Amino acid sequence: MRAESIPQDADFSLNADELAFWNENGYLVRLNVFSDEENDVLRQVAEEVVDRKRPYPSTNIDQNALVRDGKIEEQGIYAMHKIHHPSCYCPEFLARVRDPRLTDPLVEMLGPDILGINNLFIWKAPKIGLGFPWHQDKFYFRNRFRTETTIGTWTAIDPADRENGCLYVIPGSHKWDIFQHDDLEGSQQNEFKLARGARDEDGVAVEVPPGAVIWFHSHLLHKSTDNHSLRFRRSYVIHYLSAQAEWTRPEARNGRKRQPVMWIRGETFPDKVHEVERDVRPVPESE
Ligand SMILES: O=C(O)CCC(=O)C(=O)O
């Protein structure tokens with residue numbers, strides 16, 4: 001189904017089995033959520049960003065760590081790791097973060113009033129794309145937001161499998177506390193720390209075809225592995241927050257101009273996280 005052909009009254013909420021699976025495991029997979037054509041639009045826009053055919057802040061474009069650190073030479077999308085917050089600058093991505101096929105299931109997880117706090121298009125290039133260590137998203141988001149959980153959605157743009165670095169999860173770990181996370185030597189972009197004590201033998205590979213979506217709880221331990229294949233493993237990841245959440249440090253709420261909070265659906269509340277953006281932003285000249 002294409003976005004423009006979704007009937008107004010279509011309802012993509014969770015059914016009882018899905019809700020039970022979610023509550024038990026802290027993640028959920030749906031297949032065939034988006035068509036190849038729909039994902040191709042995002043892939044093309046992301047490539048235009050990389051080719052500088054679209055205005056985009058260069059600070060939101062991250063190269064693969066091996067290329068960035070001069071260990072190998074690659075060009076174009078082969079040199080890419082990810083772009084941050086495309087929904088703030090590209091209407092195609094903004095439409096995707098608000099697509100009911102992603103957000104209807106969130107209503108049962110977060111309530112009806114929903115904000116977007118982060119989104120990233122990831123390339124994971126053939127042979128050099130690097131994995132993410134075991135982590136819990138709340139380890140990071142709790143520095144900004146006080147809330148029970150945020151929810152991530154992970155959309156497969158390409159087939160994702162063990163060989164090209166699919167997502168792994170530890171089912172049920174969403175019921176656990178937040179682990180200590182330790183610095184890693186030479187990890188991808190040095191941006192993720194490793195959840196101390198998370199065990200590979202508890203992990204389950206979530207291999208999915210293109211168009212599938214994985215929803216995951218912010219306490220869920222998850223990781224992904226390096227890409228050992230000759231194929232890309234592209235994905236589009238979005239993180240959502242309840243509009244009932246509060247700022248962890250209200251005095252610093254405007255300190256992250258590059259990570260604006262976006263309105264997704266429902267209401268916002270003056271005494272909560274409510275300074276939200278509704279439309280795509282112009283890219284400042286200096287960028
Ligand atoms: O896409 C991946 O390889 C991992 C993404 C991830 O772990 C995250 O966004 O929290």
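Applying the condition of being under 27 Å from residue 251 (Cβ atoms) and of a type in the set (Asp, Glu) to region 98-143 and asking which residue is farthest from the chain's Cα centre (by Cα) yields 113.
Would you check if there is a residue in region 77-89 being under 17 Å from the mean Cα position of the chain (by Cα) and free of Cβ contacts under 8 Å to residues at least 40 places away in the same chain? Yes, there is a match, as at least one residue in region 77-89 is under 17 Å from the mean Cα position of the chain (by Cα) and free of Cβ contacts under 8 Å to residues at least 40 places away in the same chain. Identify all residues within region 142-166 that are polar (S, T, N, Q) and crowded, with 17+ Cβ neighbours inside 10 Å; write none if there are none. Selection gives 147, 149, 150, 153, 155, 164.
Annotation for region 180-191: at least one member residue is touching a Gly at 6+ places or on another chain (Cβ under 9 Å) and modelled with pLDDT of 95 or more.
Each residue in region 208-246 was checked for being more than 13 Å from the ligand (Cβ to nearest atom) and either crowded, with 22+ Cβ neighbours inside 10 Å or not hydrophobic (A, V, I, L, M, F, W, C) (or both), and 12 of them qualify.
Scanning region 110-141 for residues that are of a type in the set (Lys, Arg) and buried (at least 24 other Cβ atoms within 10 Å of the Cβ) returns a single hit, 124. Filtered by the rule that a residue be of a type in the set (Asp, Glu) and either in a strand (DSSP E or B) or more than 25 Å from residue 260 (Cα to Cα) (or both), region 133-181 gives 158, 161, 163, 177. Residue count for region 248-277 under the criterion of being closer than 18 Å to residue 120 by Cα, modelled with pLDDT of 85 or more and of a type outside the set (A, V, I, L, M): the result is 3.
The values are calculated or read from the model by the stated rules, or taken from the named source; none is laboratory data. Since the model is a prediction, treat every value here as computed from it, not as a measurement. Quick reminder, even Gly has a Cβ in these numbers, built from the backbone with ideal geometry, and neighbours come from all protein chains shown.
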